[in-house]
Every structure is written in C-alpha cells, then in structure tokens.
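The values are calculated or read from the model by the stated rules, or taken from the named source; none is laboratory data. Model, not experiment: these values are computed from the prediction. Heads up, the Cβs are rebuilt from the backbone with ideal geometry, glycines too, and the neighbour counts pull from every protein chain shown. Note: accessible area is taken over every heavy atom of the protein model, side chains too, but ligands, DNA and RNA are not part of it. Shrake-Rupley method; radii C 1.70, N 1.55, O 1.52, S 1.80 Å.
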Amino acid sequence: MKAKNCLIFGGSGQIGRHLLRKLTKNNYKVTVVTRNIHQKGHIIKTQGNAGYIDIVELNIFEEAKIRKLFEKADICINLIGILYEKRGSTFKNIHTLFPSILAKLCKQYNLKHFIHLSALGINQALDSEYAKSKLAGEKEILKNFPLSTILRPSVVYSVDDNFTTSFMTLLSRLPIFPLYYSGKTKFMPIHSSDLVDVIFNIISNNIYSQIIECVGSEIITLREILQKLIYLIDKKRLLLPVPLFFGKISAKILQLFPEPLITEDQLKLLQYDNIVSGNYKTNFDIGNPAKCLFEQEVYKYSHMWREGGQFSKKNI
C-alpha cells in the first residue's frame, strides 16, 4: 500500500510532537512546516526515523511556497493556534485567514482530508476575540473544503504543555494564588496522547465528521485542578477568590508582558465552562474514549516541582 503523505503545520508543539511519533511509527510520511528550522528542527527530527520526516522552513502566509507542498500531500493537518496576540500574530490572521488559505488549497489540489484543531466552548464565548476568530475560521474551512474534520479539544495537557507546567511553576513560588470566578469554571482536560489517538483514528479510518469535541473522561473545575496540582507538588497554598474588577485590572496589566499569565480576553473565556455541548459528536462517539486520567498523568512529571525532584516520593 502506498504510504500517505501528511502535511503538518504546527508540528513542533506538544500535540505535534506526539502526532509525529504516532504517524511515523505507523509508516506515514510527514512534511512539517516551521518558521524557524534552527530553533525547531532538532526537536522535529528526533520524533521519527530518518526518511519519514521532511522539514520545510517558511512563513505560513507565503502562499506561493506553501502551494508547492500540496502537490505531494494526501492529508493536511493544522495544529497552529495562539492564546494571545502579539505583533504579526493576530487572532484573525492565525485562526481565520490562515485556515481559510489551507482549506482552499486542499480543495484545489484534491487532498483526501483536512484536519483542523479548533477549541471547545467557542460557541458560547461570543464576547471573546479568540473564540470569534476560531468560529470564523471553522466557517471558512467548511465553506471551502466540506470534507474537513474540525476538532474542538478541551484543555490539552502533557509534560510538554503550557497549562499544568505553568500552573505548577507559579504554585511552587506563590503562597497565595488568585481564583477567577471562584474557580468554578469546568473543564474536561484531555491528554495529548489521547488527542493524537483521535487524529490517527480519523486519518486511518477516513472519518469525515465535520466537528468533533475532544475531551477527557473527567469533569474538573479550575479550583479542583489547582488543588490537585498543589497536592502533587506537595505544597501548601491558599487559593483566594478575587473580585471580578480586580481580575480585570490584573489581566490588563499582565497582558503587557511578553508572555502574559492571563489576558483580558482569556478572563472572558473563563466565564464559560469548557465541557461537551451535546450538539456534536465526541471522541467517545467515534470510538476513541479518553484513557488517561488527569491526576495520574500529571503525577508522572510533577516531581520536577517537588522538593527533592525525581528522588521525592508521593503516592496518589
């Protein structure tokens, strides 16, 4: 059987790395597009055996150069997304315009599939620029290439994430931690390996459901997530609910930093639960129930934030 060629955008992130290992292990050939081959190339190359991964350095908006990559591709996978805007990377450019370009090229070059990573809960958060840009991107994709499959994951976590690792770093340093909306926002965190299994199942079994919500098996509030992380790193910390006006002020200040802890837009997103809507299929419906449990998985790498590091012991 002829090997399928996967064209991947965003292959150096936590999901991308897990996906490259999964695909190359199963004899898929992949072409990974990166903006900086000197920074990301060594990471990407180590995810598969020689001959299975090609790395191409280019700006994602150089359509003429991107077009050439579609000539040999069978499947396109877009994992690119941002949590906050900075110069040259706006929500509209990354979440709306770029996916639209990819969908049009998929149609023009008759690709077998286009898989796009969106986000869970964006239908409700219409006061968020992040959510609006994601929704607009989805509409453009389905308009231009109806064979696309859009994945809407809840929070994705793993040892390579910017979610649990950032929280554990802050909790290891701060005696008091602020809780926005009293920490009542609900999540269904999905491990990166479970999400990759979903993507692989879609590719290998030619699943063309338009929108699939991807979640873990547990519903956990933000407060419960923080409590679990505090327990896992063996610290005593005070979780302090803060008034909304204070949250807005702090977000306005913190978003000025190069890598903000929280922005005003993210604060708006926290108003809404990040759980299945009941309006779309889920990973459970297509035969990919989540296998990983949040606390058990985070435990495997939480020692990095405990006293004694890898020599510390903690039973869960």
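The combined condition, being open to solvent by less than 20 Å² (accessible area, probe 1.4 Å), within 30 Å of Leu23 (Cα to Cα), touching a Pro at 6+ places or on another chain (Cβ under 7 Å) and at pLDDT 95 or above, is not fulfilled by Ile212. When Lys68, Lys25, Lys45, Lys112 are checked against the criterion of being open to solvent by 50 Å² or more (accessible area, probe 1.4 Å), touching a residue at least 60 places away in the same chain (Cβ under 8 Å) and basic (Lys, Arg), a single residue qualifies: Lys112. Of all residues in segment 233-267, those that are closer than 19 Å to Thr164 by Cα, open to solvent by less than 40 Å² (accessible area, probe 1.4 Å) and in contact with a Phe, Trp or Tyr (Cβ under 6 Å, 6 or more places away or on another chain) total 4.
Name the helices (runs of 4 or more DSSP H) wholly within segment 222-271 that hold at least 2 residues that are touching a strand residue (DSSP E or B) at 6+ places or on another chain (Cβ under 9 Å) and of a type in the set (D, E, K, R)?
Because the criterion is at least 2 residues that are touching a strand residue (DSSP E or B) at 6+ places or on another chain (Cβ under 9 Å) and of a type in the set (D, E, K, R), the helices (runs of 4 or more DSSP H) in segment 222-271 that meet it are 222-232.
Flag: Leu126 matches the condition of being touching a Lys or Arg at 6+ places or on another chain (Cβ under 7 Å), open to solvent by 40 Å² or more (accessible area, probe 1.4 Å) and of a type in the set (A, V, I, L, M, F, W, C). Gln296 passes every criterion in (1) part of a helix (DSSP H, G or I); (2) under 19 Å from Pro153 (Cα atoms); (3) modelled with pLDDT of 95 or more apart from (2).
For segment 133-167, residues that are in contact with a helix residue (DSSP H, G or I) (Cβ under 7 Å, 6 or more places away or on another chain), at pLDDT below 95 and part of a helix (DSSP H, G or I) total 1. Taken as a whole, segment 190-207 holds no residue that is open to solvent by less than 10 Å² (accessible area, probe 1.4 Å), touching a residue at least 60 places away in the same chain (Cβ under 8 Å), more than 22 Å from Ala251 (Cβ to Cβ) and assigned to a loop (DSSP other than H, G, I, E, B). Ser172: under 24 Å from Ile286 (Cβ atoms), among the hydroxyl-bearing types (Ser, Thr, Tyr) and surrounded by 16 or more Cβ atoms within 10 Å (Cβ to Cβ), yes or no? When the stated conditions are applied, Ser172 does not pass them. The single condition among (1) more than 26 Å from Ile82 (Cα to Cα); (2) open to solvent by 60 Å² or more (accessible area, probe 1.4 Å); (3) outside any helix (DSSP H, G or I) that Ile286 does not satisfy is (2). The single condition among (1) within 27 Å of the chain's Cα centre (by Cα); (2) at pLDDT 95 or above that Leu256 does not satisfy is (2).
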